[in-house]
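Taking it in order: structure first as C-alpha cells, then the write-up.
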Number of protein chains: 2
Amino acid sequence: MAFSFSLGARDPGSRARRGTLRTSRGTVETPVFMPVGTRATVTGIAPDELLALGASIILANTYHLLLRPGPDLFRRVGGIHTFMRWPGLVLTDSGGYQIFSLPHERTMSEDGARFRSYIDGRIHQLTPESSIEMQTAIGSDIMMVLDECIPATDLESAGRAAMERTHRWALRGLAARSNPEQALFAIVQGGLVPSLRQESARFLSQHPFDGFAIGGLAVGDTRTQREEMTAFAADLLPAAAPRYLMGVGTPPDLLVAIGCGVDMFDCVIPTRLAWQGTAFTSTGRVRLTRGAHQTSDESLDKACSCSTCRTYTRAYLHHLVKSSEPLGPQLLTVHNFHYYLDLMAQARAAIEAGVYAAFAKQKLYEMDRHEHGEARA
Amino acid sequence: MAFSFSLGARDPGSRARRGTLRTSRGTVETPVFMPVGTRATVTGIAPDELLALGASIILANTYHLLLRPGPDLFRRVGGIHTFMRWPGLVLTDSGGYQIFSLPHERTMSEDGARFRSYIDGRIHQLTPESSIEMQTAIGSDIMMVLDECIPATDLESAGRAAMERTHRWALRGLAARSNPEQALFAIVQGGLVPSLRQESARFLSQHPFDGFAIGGLAVGDTRTQREEMTAFAADLLPAAAPRYLMGVGTPPDLLVAIGCGVDMFDCVIPTRLAWQGTAFTSTGRVRLTRGAHQTSDESLDKACSCSTCRTYTRAYLHHLVKSSEPLGPQLLTVHNFHYYLDLMAQARAAIEAGVYAAFAKQKLYEMDRHEHGEARA
C-alpha cells in the first residue's frame, strides 16, 4: 500500500514525537497543521501561496463537495488535486460532523443520514459506504470514516450509542474502500467519558486503519476538559500510527496536544479570525479593528518574516479591515498561516533537538501572558 | 515643475496618440488605464500583483479617503504611496462625483458641499480649496479640481449652471494648490450640449492646468451619445496636454476613445465584474456563473497568459464563484486587469506602428461579434 507513517525523534520530556507521512504523491512532516479548504479552496488564498507558506497537506470536506461540485466532476477531472491545482496532500473529512451539526432537514438511521441539499433542495444520502465512495471520487490522500459526532458534553448513554454506531460505521467504511492508494483513518469517539474512549480506542485499533483520529472534542467542552481528554485518548492509540486531533485548535491547543503525542491538526481559526480582522502574533492576538492601530507605523509582528509583515503597517491593515476591503483579510490570512505553519516547524525542530517540553512551556507561558495582558488592555 | 507630458507617435488613420507622463516618482506611457483604488486599495488585489500585471498608475478617491483614514494620517505617514505600499503613480479624483451622486445628507452652495459622514455621522465640508488640501495631504501625483457633476442628460440650463460653477471652482482649485510636485487637471463639463463643451474647453484651456478631463459622461448617456461627445470634446482640448476621460469604460469604450485622442482612463468595471463572476476574454465576456462552465476543462481564455488562465480551469472558477468563495473574484480580478492592461499595451504598440485605426476596427469588430454571439447563446 502506498501510505505509510514512520516515527522519528521523540521528545524525552513529553510525549511529543516527530514523524513522516509518505504517500505516492509526496511526504508530510509531522506534527503538521492542515489548512481547511472545505469547498476545495482555502478561503481567500491561492494554492501556490499556501505552498510557498510551507503547507504540505490541506483538509477538504466530503459533505460540502458532495453537494457541489459533486462526485461526477471529480471523477471527470481526476480528483481534487487537479481540480484545485494543489500539488500537496489532501485529507477529506467524511461529512459526519456536518450532518450532525448543520441545521438542514435530515433524518438519521443506522444506515446513515438523509438530508436536503442547501443548494438545490435535492435529497442526498450519506452512508458509511457513500462517504467512502465520494472520498474515492475526490481522490484524497487520506479519507476519514463516517462517524456519529455528538457534543462532548452529552450524557454517557448517548455517548455510548454514538460510539457503538461509529464503530459499526468504521468497519463498513473499511469494507467499502476500493482504492488502496487512499489511506483511511478511524475516529475514536466517547465524549468526555474515559471508559468509552478506552473502549473505542481498543476496538478501532484492532482493525487495519492507517491512522486514528480523536473526534468529538472542541464541540462544547472546556479547554481543560479538552486537554485532559486529548492526553488520555492519545495515549490509548497505537504508537505506530498517525494521530489526528480533529478541529483543533488555537496555538496553545496545538502545543499542548503535540506534547500529548498528537501528530495532525486542522482548524478554521487562522482563516476565520483573519476575516474577522484578527491576527496571531508573537505578542498575542492583534485585533486590527481596534482604534489603537489606526496610526501605527509598526508592522503587524516585528518577529515575523511573512510578506504581510515585511510590507504593510498596522495602520494600513486597520484601514483595510475597517473599510471592509477584502485585501485586509487576504493579507491577514497569509500572516496567520505563516504563524501556524512556522509554529509547527518550530515544534518539529524542538522535538528533533529533544527540547520540546521546555519549548512548549516557554511558548505557552508567553501566549498566556499575552492573552492575559491583552485582556487587561 | 515636476510634471510633464510629451507626445510621441500619432496614428495616421485616427486621432490616437502615444504620450509619456513624467513625474519625479516615475513615468507612465499613454494611452493608459488606471485601476480604481477608491479607498487606497484596489479591491482584492495587492499592490505588488498590480505592478506585476503592468499597472503604472492607479486612481484613489478624495471623498472616501477624507472620511477614512482622513488627512492627518496621510500627513503623518507621508502620503498614499507609503501608506498602501504602491510604487507607481496615483491620481486622485476630487470627490465631485461622490458628493453629487451619493445619497447621503448634503447641502450644496457656491462655497462647496456640506455632508454627513457615512462612517461616524460627523459633518464634513468639501470645497474646491479643501479638496485640494486633502489631495495635497494624500500626496497624489495628479490632483483633480472639484467639479459639479450632473447627469449628462440634464437640461441645458442646469448644464450651464453646473459648468459655470465648475469653472469658478477650477480656478479656486488652481489658486489653492500648494505643492508644485503635484499636477492639477481641470474637468470639462457641459453634458451632451456641444456649445457648452466648447465653451468649457475654451475657458479651462486658458489656465495653466497640467491636463484636462472630460467629465460628466457615462452618467446616464447612451453609448452613441458618449462616443460622439468624447470625439467632439477631445478635439477641443489642447493637443499638448494629457486628456483623461473620467469613469470610462468597457473595452470598446476605451478603443473608441483612444481613437478620439484620449490618453487616460479609469473604470471600476474590471473589479466590479470580477466580483460578479464575469471575465473579459478574447472571445467576449464570460459569465462564470453559467452552468455551461460547470464541467469545462478549458482555461478561461486560451489566448491569455495571466496566472489565472495558465493555472485554473473554467470548471474550478465556476465552482469558486458559485460557492461565493473569495478566491474566485480574486483570480478573475487578476485576469480582468491583465486583459485591460494588455489591451492598452496593444493599443500603444499599434499607435507606434501607425496602424491603430485598423487595429481598433478589427478589435471592435471582434468584440461586437462576441457580444452579439453571446447574446444569442
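Some values worked out for this structure:
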| item | result |
| --- | --- |
| Verdict on A:Phe83 being surrounded by fewer than 22 Cβ atoms within 10 Å (Cβ to Cβ), more than 21 Å from A:Tyr340 (Cα to Cα) and either within 9 Å of another protein chain (Cβ to nearest Cβ) or not hydroxyl-bearing (Ser, Thr, Tyr) (or both) | no |
| Close pairs (8 angstrom Cβ cut-off, 6 or more residues apart or separate chains): within 13 Å of chain A (Cβ to nearest Cβ) in the range B:41-62, of a type in the set (D, E, K, R) and open to solvent by 40 Å² or more (accessible area, probe 1.4 Å) anywhere | B:Pro47/B:Arg85; B:Asp48/B:Arg85; B:Ala60/B:Arg39; B:Asn61/B:Arg39 |
| Subset of the range A:38-56 that is farther than 20 Å from A:Tyr97 by Cα and touching a strand residue (DSSP E or B) at 6+ places or on another chain (Cβ under 7 Å) - its residue that is most open to solvent (accessible area, probe 1.4 Å) | A:Ser56 |
| Residues (away from chain A (no Cβ under 14 Å) and of a type in the set (S, T, N, Q)) located in the range B:330-363 | B:Asn336, B:Gln346, B:Gln362 |
| Contacts under 7 angstrom Cβ, first residue in the range B:211-228 being under 15 Å from B:Ile150 (Cα atoms), partner surrounded by fewer than 15 Cβ atoms within 10 Å (Cβ to Cβ) and not acidic (Asp, Glu), 6 or more apart | B:Gly220/B:Thr153; B:Asp221/B:Thr153 |
| Residue list for the range B:88-99, restricted to those being aromatic (Phe, Trp, Tyr) and in a loop (DSSP other than H, G, I, E, B) | none |
| Odd one out for A:Gly13, checked against (1) at negative phi; (2) surrounded by 17 or more Cβ atoms within 10 Å (Cβ to Cβ) | (2) |
| Complete set of residues in the range A:268-279 that are open to solvent by 10 Å² or more (accessible area, probe 1.4 Å) and of a type in the set (A, V, I, L, M, F, W, C) | A:Val268, A:Ile269, A:Leu273, A:Trp275 |
| Pair list, Cβ under 8 Å, 6 or more apart: the range B:272-300 residue in contact (Cβ under 8 Å) with a residue 12 or more places away in the chain, other residue among the β-branched types (Val, Ile, Thr) and part of a loop (DSSP other than H, G, I, E, B) | B:Trp275/B:Thr43; B:Gly277/B:Thr289; B:Ser296/B:Thr313; B:Asp297/B:Thr313; B:Glu298/B:Thr313; B:Ser299/B:Thr313 |
| First in the range A:146-168 and under 22 Å from A:Phe185 (Cβ atoms), second anywhere and at pLDDT below 90 and of a type in the set (S, T, N, Q), Cβ under 8 Å, 6 or more apart | A:Cys149/A:Ser101 |
| Unmet criterion (only one of (1) in contact with a helix residue (DSSP H, G or I) (Cβ under 7 Å, 6 or more places away or on another chain); (2) surrounded by fewer than 22 Cβ atoms within 10 Å (Cβ to Cβ); (3) closer than 25 Å to B:Ala315 by Cα) for A:Glu29 | (3) |
| Selection within the range A:243-266 - open to solvent by 10 Å² or more (accessible area, probe 1.4 Å), under 26 Å from A:Gln330 (Cβ atoms) and either among the basic types (Lys, Arg) or out of contact with any Leu (no Cβ under 7 Å at 6 or more places or on another chain) (or both) | A:Gly247, A:Thr250, A:Asp253 |
| Verdict on B:Met134 being in contact (Cβ under 8 Å) with a residue 24 or more places away in the chain, within 18 Å of the chain's Cα centre (by Cα) and closer than 21 Å to B:Asn179 by Cβ | no |
| Check on A:Thr38, within 12 Å of chain B (Cβ to nearest Cβ) and among the polar types (S, T, N, Q) | yes |
| Residue match in the range B:194-203 (condition: crowded, with 19+ Cβ neighbours inside 10 Å and either within 16 Å of the chain's Cα centre (by Cα) or in a loop (DSSP other than H, G, I, E, B) (or both)) | no |
| Qualifying residues in the range A:291-308 (those that are within 14 Å of another protein chain (Cβ to nearest Cβ) and part of a loop (DSSP other than H, G, I, E, B)) - the one farthest from B:Gly79 (Cα to Cα) | A:Cys306 |
| Selection status of A:Lys361, among the charged types (D, E, K, R), surrounded by 14 or more Cβ atoms within 10 Å (Cβ to Cβ) and closer than 22 Å to A:Gly259 by Cβ | yes |
| Single condition A:Leu73 does not satisfy, out of (1) open to solvent by less than 30 Å² (accessible area, probe 1.4 Å); (2) touching a residue at least 12 places away in the same chain (Cβ under 8 Å); (3) within 14 Å of chain B (Cβ to nearest Cβ) | (2) |
| Filtered residue count, the range A:345-358, keeping only those that are within 10 Å of A:Gly13 (Cβ to Cβ) and either open to solvent by 70 Å² or more (accessible area, probe 1.4 Å) or not in a helix (DSSP H, G or I) (or both) | 2 |
| Of all residues making up the range A:309-339, the number that are part of a loop (DSSP other than H, G, I, E, B) and without any contact (Cβ under 8 Å) to a residue 60 or more places away in the chain | 5 |
| Selection from the range A:130-168 of residues that are open to solvent by 70 Å² or more (accessible area, probe 1.4 Å), farther than 21 Å from A:Arg243 by Cα and modelled with pLDDT of 95 or more | A:Glu133 |
| Filter result (buried (at least 22 other Cβ atoms within 10 Å of the Cβ) and at the interface with another protein chain (Cβ under 7 Å from one of its Cβ atoms)) within the range A:309-329 | A:Tyr312, A:Tyr316, A:His319, A:Leu320, A:Leu327 |
| Subset of the range A:58-70 [aliphatic (A, V, I, L, M) and surrounded by 23 or more Cβ atoms within 10 Å (Cβ to Cβ)] | A:Ile58, A:Leu59, A:Ala60, A:Leu65, A:Leu66 |
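The values are calculated or read from the model by the stated rules, or taken from the named source; none is laboratory data. Only a predicted model underlies this, so the values are computations on that prediction, with no experimental measurement involved. No Cβ is skipped: glycine too gets one built from the backbone with ideal geometry, and neighbour counts run over all protein chains shown. Note: areas computed on protein heavy atoms with side chains; ligands, DNA, RNA excluded. Shrake-Rupley method; radii C 1.70, N 1.55, O 1.52, S 1.80 Å.
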